[in-house]
Amino acid sequence: MGASDPGFGRLLHAWRDRLAPADAGFTPAPGRRAPGLRREELAQLAGLSVDYVLRLEQGRARHPSAQVVGALARALQLSRAERDRLYRSAGLLPPRDGTVGAHVPAGVQRLAARLGDVPIGVFSADWTLIRWNPLWAALFGDPALVPATERNLARGLFGLGAARAAVASVRSERGNEAFAASIVADLRDAVARYPADSELDGLVQGLCAQSADFARLWATGTAAAPHTSERKTIRHPEVGDIRVDCDVLLVPGLDLRLVAYTAAAGSSDAGKLDLLRVTGGGAALAPVGPQPDAGLDSPGERRG
């Protein structure tokens, strides 16, 4: 991997100045003079330290990982062409075609940011969580405190790592077996669409080795409906059980899933979501492993 060129920092700064705080989910304070995002806001969105973002902009950090560049591209709401330019400026090859994509277009990011009273998560084709809004973090615990490789729904259902914490709090109205089978069905479809994706293959093989239930569902190939909209109950440590409608919306042409949880207006469940929005949830997932300060030694995040 080569070193980033001097233009990498200039690109970061220019694209940070261009992004309106409201489009990134921040409420501008009165008298704010910065034209776009503050450096600490970009760091928060990308899951990096402010010092590391400063060093990247100043050219003092010269070897950002693919994970870091991908996180910055999403935080800055770059187009696909801009994302590829940022990768090349960092001395990295852009994500290849034919693999599971994690590019979230600016419009989808603005939608998640502006619908602050609805928990929203954006998932890739292999059910990896790649974007979320503050209410999602308040409901399930902050995904930024969990290693990027663990932010996967299949790992939460069948794996042995940190992803299990958030999934364990959710009960599906269809039953856990049907829900688990639907996720395996979605992974099977993803493998058919992306047969050359080594990370997706590694996910499946790893889960087959870790979980007898996953291996059984994968081996039998039992027909199951894909994961779609349904009623769920989420047990939160601060406000108790919340009954919600879970809707799964597809983003045409990008193989992304936008998952939203809503409750009927005026209901006690809606009141609990509103309380979480105000308080931030109170309880967060405990950090697991080293946190992504510079990101230099962390495993590569999925394909930018």
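When +1 charges are put on Lys and Arg Cβ atoms and -1 charges on Asp and Glu Cβ atoms, the dipole computed for region 119-274 relative to its Cα centre reaches about 200 debye. Compactness ratio for the chain: Cα radius of gyration over 2.2 N^0.38 Å (N = residue count) comes to 1.00. Legend: calculated FRET efficiency, residue 174 to residue 241, from the Cβ-Cβ distance at R0 = 22 Å, rounded to 0.05, equals 0.80.
With +1 on each Lys and Arg Cβ and -1 on each Asp and Glu Cβ, and nothing else charged, work out how big the dipole of the chain is about its Cα centre, in Debye to the nearest 20. Don't skip to the answer; put the middle values down first.
Values: 36 positive and 33 negative charges, 135 e Å.
It works out to roughly 640 debye.
Suppose the chain between residue 215 and residue 164 were pulled fully straight at 0.36 nm per residue; how much longer would it get relative to their current alpha carbon spacing?
16.6 nm is the gain from fully extending residue 215 to residue 164.
The convex hull drawn around the Cα atoms of region 1-153, when projected onto a plane and averaged over every direction, covers 9.2 nm².
Does region 126-174 classify as rounded, prolate or oblate by the C-alpha gyration tensor (a ≥ b ≥ c root eigenvalues; a/c under 1.5 gives rounded; else a/b over b/c gives prolate, otherwise oblate)? Judged from the Cα gyration tensor, region 126-174 comes out oblate (a/c at least 1.5, b/c at or above a/b). Each of the peptides 247-254, 74-81, 57-64 was scored by the mean count of other Cβ atoms within 10 Å over its residues; in descending order, highest first, they stand as 74-81, 57-64, 247-254. Comparing 150, 41, 199 in a Gaussian network model of the chain (Cα springs below 10 Å), the most mobile by mean-square fluctuation is 199.
Surface composition of region 1-151: carbon and sulfur make up 53 percent of the accessible area, probe 1.4 Å.
Dipole of region 90-216 computed with +1 at Lys/Arg Cβ and -1 at Asp/Glu Cβ about the Cα centre; of 156, 127, 141, farthest Cα towards the positive end is 141. Roughly how far apart, in whole Å, are the Cα centres of region 26-52 and region 145-177? Centre-to-centre distance over Cα atoms comes out at 30 Å. Each of 209, 50, 190 was placed along the dipole of the chain (beta-carbon charges, centred on the mean Cα), and the one lying farthest toward the positive end is 50. Overall shape: oblate for region 90-247, with the ratio a/c of the largest to smallest alpha carbon gyration tensor axis at 1.5 or above and b/c at least equal to a/b. Other residues lying with their Cβ under 12 Å from the Cβ of residue 58 contribute a combined charge of +3, Lys and Arg counting +1, Asp and Glu -1.
A helix-only calculation puts the chain at -12000 deg cm²/dmol for mean residue ellipticity at 222 nm, using -39500 (n - 2.57) for each DSSP H run of at least four residues, averaged over all residues. Electrostatic tally near residue 211: other residues with Cβ closer than 13 Å to its Cβ, Lys and Arg +1, Asp and Glu -1, net +2.
Take the alpha carbon gyration tensor of region 86-173, find the square roots of its eigenvalues, order them as a ≥ b ≥ c, and report rounded if a/c is under 1.5; if not, report prolate when a/b exceeds b/c, else oblate.
It comes out oblate by the Cα gyration axes.
Dipole size of region 68-141 about its Cα centre, with +1 on Lys/Arg Cβ and -1 on Asp/Glu Cβ: approximately 200 debye, rounded to the nearest 20.
The values are calculated or read from the model by the stated rules, or taken from the named source; none is laboratory data. For clarity, every value in this text was computed on a predicted model and none was experimentally measured. All Cβ positions, glycine included, derive from the backbone under ideal geometry; neighbour counts span all protein chains shown. Only protein heavy atoms, including side chains, enter the accessible area calculation; ligands, DNA and RNA are left aside. Shrake-Rupley method; radii C 1.70, N 1.55, O 1.52, S 1.80 Å.
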